[in-house]
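Working notes for the structure below.
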Amino acid sequence: CSFLGRAVDLAIHIIVAIVVGVLTLIGCAVFMIQYQHPDDRNAAWLPKLIVLLGLFLACAVTLLLPFDASLAQSCEDDPSCTVTAGMAQTWYTTFILIGVFSFVLIPLAYFWYETDDEESMGQRICTTICWSSINLCVFVVFLMGLYFTVGYVELPVKVMQPYATGNITASSGFFPPTSKPPLWEDVAAAVPYDAIQQIRTSLVIYVLALLSFIGWMLMTIFGGIGMVALPMDLIAAFVNRPVAIDVKQWAERKLKLKNECQRLLADGKTKQEELKAKPNRWKERRFVNEFKKRVLDLEDEMEVLNLCYKKNAINPLVPWLQLFGGLFCWVITISWWFQLLFEIFLQGLAGPYLSDVFTKLSAAFPLFGIVAYGIFAFYILVCVIKGSIKFAGRFFLISIHPLKLNGTMMNSFLFNIGIILICSVSCTQLCTTAFRQFVHSSAISQIFVTQIQYLKFFSYFYSMDVPVFYSLLFAVSFLQLIWSCLCTFVCAKKQADNLNDMLRETRRERV
C-alpha cells in the first residue's frame, strides 16, 4: 500500500510539473512577444531564443523549490526513498545551466546584438568573441582563485573521545577503538568539545556558491530598492493617471516638451565639446546614461500627453488595476519583511508564519503550494528588475534597460534576463532560509544549509549569527522607503506651488 501511495504521489507531482512547465513556457513566450520592440519583430532570432530559454530557466529554478519540498514531505516516513538524491542532481544540472547562460550565451548574444550592422561579418564575430571571452575569463579566474585557496567546507562538529586508553593515531587524530566496546562510565565521563572539520568541496558546489554570492550582491541593492519602489510607483501611477485635455492644453504641453528637447540637445552638444577637449571615459559613460534616461522620460511624457488628448484611448480600468496592484505589492513586501524578521533575525521564535501556509496548501494539492510560493518568489525577481531600473536612473553607473510594452529592444531583454538568472540562485537560497519549515527535508535545503552556508569565506556572509545580506536587504529597503516619502512630499509641494502660480496667473488674466 505504501509503495502504491508513493507511486500515486509521484505521478501527481509529475503531472503537475509538466502542466506548470508548459504553462510557464507559454507565458514566457507571450511575455517576450508582447514586450518586444517592433524593429525586432522579424529579426534577432538567436537572441530571442536565448531570452526565451533564459526566462524559462529562471522561472523553472524558482518553481523547482516547492516541487522539491513537496516530494521530500511525501518521502519523510520512508528512509528507502531515493527521490531526494534525484532532485539533488536536478538542482546541480539547473545551476550549471544558469552559469552557462549567465556567463557564456547571454554575453555572446548581447555583444553580437550591440555590434554595428555596417561592419563585416568577421569584424562582428571577432568583437563578440573578444568581449565575451573577457567576461568569461574574469569569472573563471575569480572562481579558480577562490576555489584553490578557500574552497573548503568548515563544518562545526562536537568531538567525544570515550576511550580512556590507547594511543592517538597520527592519521586520524582520534583514539583507536579497542576490541571491547567502551564502558558507559567512560562515555559518561567523556567531555565533548567543539571542533571544525575541514572538507574540500566540489567545483560544482563552489560555482553554485559564487553564483549565489554575486546574485546576493545584486539582490540586496536592486531587490531592496524594488521592494519599496514597485508598490510606490504603481500607486503613484494611479494618483497621476491620465486626464482628458483639450486642444489648447495639448498644444501648450507639447510646446513645453519641444523646449525640453531643444534644451537636451543643447546640453548634449555642450558636453560633447567638453569631452573632446578633456576626454574622460568615466564622465562620458555617466553622461550617456544620464542622457538616455532623460530621453526616455521625454518619450514617456509625450506618450502620456498623446493619451490624454485622445479621450477614447484612456482605459478607465487601468489606473484602478494599478492601485490594486500597488496595494497588493505592499502586502507582499510587508509579508516578506515579517517573514525575514521572524525566521532570520528571531530564529523562528515567533513561529514559521508563511511556511505553515505553504505546507497546508501543498498538503491539500501540490499546485496550490507551488502557486502561493511562486507569488512570493517571483515578486523578489520582479523587485530586482524594478530596482535595477531605479538604480540606473538615479546614479547613472550602469546603462538603463527598461522593460516597456511593445518597446523593449533585445539588448534590454538580454541585460534583464542575465540579472534575473543570477539573482534566481540567491532568491532560491533566500526562500530556502526564509521558509525553512517548508523545505526542511528537501534536497536544496541540504545543499545550501549543509554545504554552502559553511564554505570558507562565504560563511561570513551566510552565517545566521550575523545575517549580513539579510541586514543589507532590510537597510536598503528602509532607506528607499525614507527616500520615496521625502520625494513624495517634495513633489507634492512642487505641485502645490505650480497650482498656486497657475491660479495667480488666471486671476491676473481676469483682471
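Which numbered condition in (1) out of contact with any Cys (no Cβ under 6 Å at 6 or more places or on another chain); (2) open to solvent by 20 Å² or more (accessible area, probe 1.4 Å); (3) closer than 23 Å to residue 100 by Cα is the only one that residue 38 fails? Against the list (1) out of contact with any Cys (no Cβ under 6 Å at 6 or more places or on another chain); (2) open to solvent by 20 Å² or more (accessible area, probe 1.4 Å); (3) closer than 23 Å to residue 100 by Cα, residue 38 comes up short only on (3).
Quick one: in region 451-461, of everything that is touching a residue at least 24 places away in the same chain (Cβ under 8 Å) and not in a loop (DSSP other than H, G, I, E, B), which residue is nearest to residue 385 (Cα to Cα)?
The qualifying residue nearest to residue 385 (Cα to Cα) is 461.
A single entry from 234, 210, 230 fulfils the requirement of being open to solvent by less than 10 Å² (accessible area, probe 1.4 Å), more than 11 Å from the chain's Cα centre (by Cα), modelled with pLDDT of 85 or more and aliphatic (A, V, I, L, M): 210.
Candidates are the residues of region 213-227 that are open to solvent by 10 Å² or more (accessible area, probe 1.4 Å) and of a type in the set (Phe, Trp, Tyr); the one that is farthest from residue 430 (Cα to Cα) is 222. Once region 79-106 is narrowed to residues that are farther than 20 Å from residue 59 by Cα and not small (Gly, Ala, Ser), the residue that is modelled with the lowest pLDDT is 79. Of everything in region 121-142 that is open to solvent by less than 80 Å² (accessible area, probe 1.4 Å) and over 15 Å from residue 104 (Cα atoms), the residue that is farthest from the chain's Cα centre (by Cα) is 122. Restricting the first member to region 230-252 and to residues that are within 20 Å of residue 384 (Cβ to Cβ), and the second to residues that are charged (D, E, K, R) and open to solvent by less than 80 Å² (accessible area, probe 1.4 Å), the beta-carbon pairs closer than 6 Å and six or more apart or on different chains are 230/386.
If residue 263 satisfies every condition in (1) closer than 17 Å to residue 309 by Cα; (2) in a helix (DSSP H, G or I); (3) of a type outside the set (Asp, Glu) but one, which is the exception? Result: residue 263 fails condition (1) only. Taking region 449-486 as the range and being in contact with a Phe, Trp or Tyr (Cβ under 8 Å, 6 or more places away or on another chain) and open to solvent by less than 40 Å² (accessible area, probe 1.4 Å) as the test, the residues that pass are 452, 453, 455, 458, 462, 467, 469, 470, 474, 477. Checked against the criterion of being farther than 26 Å from residue 96 by Cα and either among the aromatic types (Phe, Trp, Tyr) or not in a helix (DSSP H, G or I) (or both), region 376-392 contains one or more residues that satisfy it. Out of all the residues in region 248-289, which are in contact with a helix residue (DSSP H, G or I) (Cβ under 9 Å, 6 or more places away or on another chain) and either β-branched (Val, Ile, Thr) or within 22 Å of residue 405 (Cα to Cα) (or both)? Once the filter is applied, which keeps residues that are in contact with a helix residue (DSSP H, G or I) (Cβ under 9 Å, 6 or more places away or on another chain) and either β-branched (Val, Ile, Thr) or within 22 Å of residue 405 (Cα to Cα) (or both), region 248-289 yields only 289. Please go through region 296-341 and pick out each residue that is modelled with pLDDT of 90 or more, open to solvent by 40 Å² or more (accessible area, probe 1.4 Å) and under 20 Å from the mean Cα position of the chain (by Cα). Of everything in region 296-341, those that are modelled with pLDDT of 90 or more, open to solvent by 40 Å² or more (accessible area, probe 1.4 Å) and under 20 Å from the mean Cα position of the chain (by Cα) turn out to be 328, 330, 331, 334.
Scanning region 213-229 for residues that are in contact with a Cys (Cβ under 6 Å, 6 or more places away or on another chain) and among the hydrophobic types (A, V, I, L, M, F, W, C) returns 218, 219, 227. Among the residues here, residue 62 qualifies as open to solvent by less than 20 Å² (accessible area, probe 1.4 Å), at pLDDT 80 or above and under 25 Å from residue 214 (Cα atoms). One residue stands out among those in region 409-443 that are more than 18 Å from residue 340 (Cβ to Cβ) and in a loop (DSSP other than H, G, I, E, B): the one that is modelled with the highest pLDDT, which is 409.
In region 266-373, counting only helices (runs of 4 or more DSSP H) that sit wholly within it, the ones holding 1 or more residues that are under 21 Å from residue 235 (Cα atoms) span 281-309, 317-340. Under 24 Å from residue 107 (Cα atoms) and either open to solvent by 40 Å² or more (accessible area, probe 1.4 Å) or in contact with a Cys (Cβ under 7 Å, 6 or more places away or on another chain) (or both): is that true of residue 398 in this structure? In short, yes. Among the residues of region 8-47, those identified as more than 30 Å from residue 368 (Cβ to Cβ) and either among the aliphatic types (A, V, I, L, M) or outside any helix (DSSP H, G or I) (or both) are 36, 37, 41, 42, 43, 44, 46.
The values are calculated or read from the model by the stated rules, or taken from the named source; none is laboratory data. This one's a predicted model, so the numbers in the text were calculated from it and none came from an experiment. Glycine gets a Cβ as well: all are built from the backbone with ideal geometry, and neighbour counts include every protein chain shown. SASA here: full protein model, heavy atoms, side chains in, ligands and nucleic acids out. Shrake-Rupley method; radii C 1.70, N 1.55, O 1.52, S 1.80 Å.
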